[in-house]
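Okay, so here's the structure we're looking at.
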Amino acid sequence: MLNRWLVASMASMMMCGGMAASAQASVRFAVFSDPHLFDPALGTEGAAFEAYLAQDRKLIAESEALTKSVVAELIKTHQSEPLDFILVSGDLTKDGERVSHEKFAGYLAQLEAAGIPVYVIPGNHDVNNPHAMAFDGATAIPVENVTPTQFSSVYNQFGYGEAKAIDANSLSYAVEPVPGLVLLGLDSCKYTENASKGVPVTSGAYSAATQAWIVDQIKAARAAGKQVVAMQHHGIIEHYTGQSQAFAEYVIDDWQNVSESLAKAGLGLMFTGHYHANDITEKTWADTGDKLYDVETGSLVTAPCPYRIVTLHGNNAAQIETKKVQEIDYDTNGVAFPEYAEQFLYEGLMGIAQYTLKMQYGLPDAQVAALAPLVANAFQAHYAGDEQADATTKATINSFLTSGDPTTEYLGQTLYALWTDLAPADNRALLSLDP
C-alpha cells in the first residue's frame, strides 16, 4: 500500500511538471464535516438527554471536546505544513441551537486567528430547526434556533462576508480562497419546509433557480481559466449501489441529472458529508468523458472521527489523506478514545438494527439477535471507509442472496452493497482531475 501511494504521489508531481512546479502550483486544505456541536450548557445529563441518545449514534456529549481537538490538531498541522483554508461541510450543530452556532463560530475564529481561512455551509440540522432543545432532567425545553439570515450573520467571516457572489435563493456562495481557485459553498438543504412539517427535513435538493446559479458560476470560473471545487452537505453521487433507494434522503434529489449538470458545466470535485461515512465515489459520463468525484468526509462525532487533508496539484490531481482524532479532553473511563468511539458507534448501530429488524421487518427475536450484528458491522465498516468483507461475511451474504425469501434476499442485497466499496479508495487516494 505504501509503495503504491509513493508511486502515485510521484506520478502526480510529474503530471504537474516536476517537483518544483508541483510545489508552486499546489493548494493544500483541510476538510471536516458534521461536527454537530452541542453547547454543554444546554444539558448533557438526565433522562431526556439519555432518551435522545438512545435513538442516535452521535457522540453529542463529547462534541465540543471533539471540535476543540480537531481545531488544535489543524492549527498544529498548519504550523508545520501550512494550510490554505479549511472546509466544513454542514451539520455544524446538533440541532441548530443558536448558542451552539455561536460557540462553534468561536472555535472557527481560533483557526482564522492562527492564519487559516475557514468556509462553511449549512447542513440539514442547522437552520430553522424545530428540534433545537435544552435538556433539564426529564424535560426537553425548546431553545432559540437560527434563520437563514442569522446563519449567514453568525458565519459572516467564514465565507459569506468575503463571497464574490451569493445566490439570492439559498445560502450558496462563491469565493476565491486562493488566486485562480473558485470555491462554491452550496446549500442543498430544505429548511424552508421545517416549520410546516414540524421536523428538520433530512433530504436535500436545489431549486431550479439555485441550480441555474450554480451552473453559471462554474461556467464563468472555467471561462476565466480558474479551477473550481465545491462543497455541500448532501451526497451528489451514490456512495454504494442502491443508496438513493435505501437512504434517499442522503443523496440530493434527482442526483443523476443534478450531478450530470454540474459535471458537464465543468465541476470535477465535490466535498460532502451528511451520511457520516468516510467514502469517495466517482461518476464518468461516457458521451463527454466528464468525471465528478464526491469526496464524503465522515462525521466528527461518529467513529472513526475523521478529517481530511487535501492537496490539489493544479488542475491535474487531488491527493486525499485521512486523519482521525486520537484523543479528546473528556472522561472516557480510562478507555483510549478511538476504542471508546468505536464501541459507542457499535452499540448505537446495534440498537438501530435491532429496532428496524423487529419493528419494520417483523422478524422474531432469535433472528433479530443473529442478524443485528451483521448489519451493525456492515455500517460500521462503511463509515470507516475502504471496507472489505472477510470470507465468512461474504459466504453469509451469498447465502442470503440465494435464500429464496424476499426479506432475507433484501437484507443480503443491502449488506452486499455496503460491503462493496466503489472506486476509488476512501482514506488515501490520488484522484485524476484531467478532463
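The values are calculated or read from the model by the stated rules, or taken from the named source; none is laboratory data. Remember, it's a predicted structure, so these values are computed and weren't measured experimentally. Note that we place each Cβ from the backbone using ideal geometry, even for glycine, and neighbour counts take in every protein chain shown. Keep in mind that these areas ignore ligands, DNA and RNA; they rest on the heavy atoms of the full protein, side chains included. Shrake-Rupley method; radii C 1.70, N 1.55, O 1.52, S 1.80 Å.
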**Complete:** Under the Karplus relation with 6.51, -1.76 and 1.60 and θ = phi - 60°, whole-Hz ³J(HN,Hα) for the stretch 84-98, x at Gly and Pro, equal 7, 5, 9, 10, 10, 9, x, 6, 6, 10, 4, 8, x, 4, 4
**Item:** Percent of alpha-carbon pairs separated by more than 21 Å within the stretch 313-435
**Value:** 54
**Request:** When a/c is below 1.5 the answer is rounded, else prolate if a/b is larger than b/c, else oblate, so apply that to the stretch 83-148 with a ≥ b ≥ c taken from the square roots of the Cα gyration tensor eigenvalues.
**Result:** prolate
**Request:** Find the Cα radius of gyration of the stretch 184-288, compare it with 2.2 N^0.38 Å by division, and give the number to two decimals.
**Result:** 1.09
**Relative contact order (%) - the stretch 158-263, alpha-carbon pairs under 8 angstrom, separation at least six** = 25
**Asked** Once the dipole of the stretch 261-376 is set up with Lys and Arg at +1 and Asp and Glu at -1 on Cβ about the Cα centre, which of ALA303, LEU262, LEU371 lies farthest towards its positive end?
**Response** LEU262
**Complete:** Of all DSSP beta bridges having both residues in the chain, the percent classed as antiparallel (nearest 5) is 60
**Complete:** Relative contact order of the chain (C-alpha contacts under 8 Å, at least 6 apart) in percent is 17
**Asked** Is it possible to state the helix-based mean residue ellipticity at 222 nm for the chain, with each DSSP H run of 4+ residues giving -39500 (n - 2.57), the sum divided by total residues, to the nearest 500 deg cm²/dmol? What is it?
**Response** -12000 deg cm²/dmol
**Prompt:** Among the listed pairs LYS226/LYS291; LYS94/LYS190; LYS94/LYS324; LYS324/LYS394; LYS164/LYS226, which are separated by more than 24 Å between their Cα atoms?
**Reply:** LYS324/LYS394
**Asked** Taking the Cα centre of the stretch 61-168 as origin and charging only Cβ (+1 Lys, Arg; -1 Asp, Glu), how large is the dipole, in debye to the nearest 20?
**Response** 100
**Asked** Amide H neighbours of THR332 under 5 Å, counting only residues 5+ apart in sequence or on other chains, H built in-plane at 1.01 Å?
**Response** none
**Request:** Would you list, by chain and number, the lysines whose Cα falls below 18 Å from the Cα of LYS197, excluding same-chain residues fewer than 8 positions away?
**Result:** none
**Request:** Towards the positive end of the charge dipole of the chain, with charges on Cβ (+1 Lys, Arg; -1 Asp, Glu), say which of ALA220, LEU186, TYR173 has the farthest Cα.
**Result:** ALA220
**Request:** Rounding to the nearest 20 debye, state how big the charge dipole of the chain is about its Cα centre with +1 on each Lys and Arg Cβ and -1 on each Asp and Glu Cβ.
**Result:** 960
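Is the shape of the stretch 292-354 best called rounded, prolate or oblate, per the rule: a/c under 1.5 gives rounded, else a/b larger than b/c gives prolate, else oblate, with a ≥ b ≥ c the square roots of the Cα gyration tensor eigenvalues?
Working: a/c = 4.72, a/b = 1.84, b/c = 2.56.
Oblate shape, in that a/c is at least 1.5 and b/c is the bigger or equal ratio.
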**Fill in**
Connecting every pair of Cα atoms under 10 Å apart in the chain and solving the GNM, the largest mean-square fluctuation among ALA140, ALA303, ALA224 falls on ALA224
**Prompt:** Ordering THR139, THR356, THR302 from largest to smallest accessible area (1.4 angstrom probe), what's the sequence?
**Reply:** THR139, THR356, THR302
**Item:** Derived scalar couplings ³J(HN,Hα) [the stretch 237-253; Karplus, 6.51 cos²θ - 1.76 cosθ + 1.60; whole Hz; x for Gly, Pro]
**Value:** 9, 4, 9, 7, 4, x, 4, 6, 9, 6, 9, 4, 6, 9, 10, 4, 3
**Asked** How much area per residue is accessible in the stretch 181-310 when the probe is 1.4 Å and only protein heavy atoms are counted (Å²)?
**Response** 30
**Message:** Mean-square fluctuation check for the chain, GNM, Cα pairs under 10 Å: which of LEU53, LEU349, LEU292 is largest?
**Reply:** LEU53
**Asked** Hey, any idea what % of the chain's accessible area is carbon plus sulfur with a 1.4 Å probe?
**Response** 53
**Request:** Roll a 1.4 Å probe over the protein heavy atoms and report the accessible area of LYS283 in Å², nearest 10.
**Result:** 60
**Message:** Run the reach check for LYS323 against aspartates and glutamates, Cα to Cα strictly under 13 Å, same-chain hits fewer than 8 apart removed. What comes back?
**Reply:** GLU73, ASP426
**Message:** With θ taken as phi - 60° and the coefficients 6.51, -1.76 and 1.60, list the Karplus ³J(HN,Hα) couplings across the stretch 299-313 in order, rounded to whole Hz; mark glycine and proline as x.
**Reply:** 6, 5, 9, 10, 3, x, 6, x, 9, 10, 10, 10, 10, 8, 9
**Complete:** Given Cβ charges of +1 for Lys and Arg and -1 for Asp and Glu, the option among GLY159, TYR416, HIS101 whose Cα lies farthest towards the positive end of the dipole of the chain is GLY159
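Quick one: dipole size for the stretch 134-278, taken about the Cα centre, charges +1 on Lys/Arg Cβ and -1 on Asp/Glu Cβ, in debye to the nearest 20.
400
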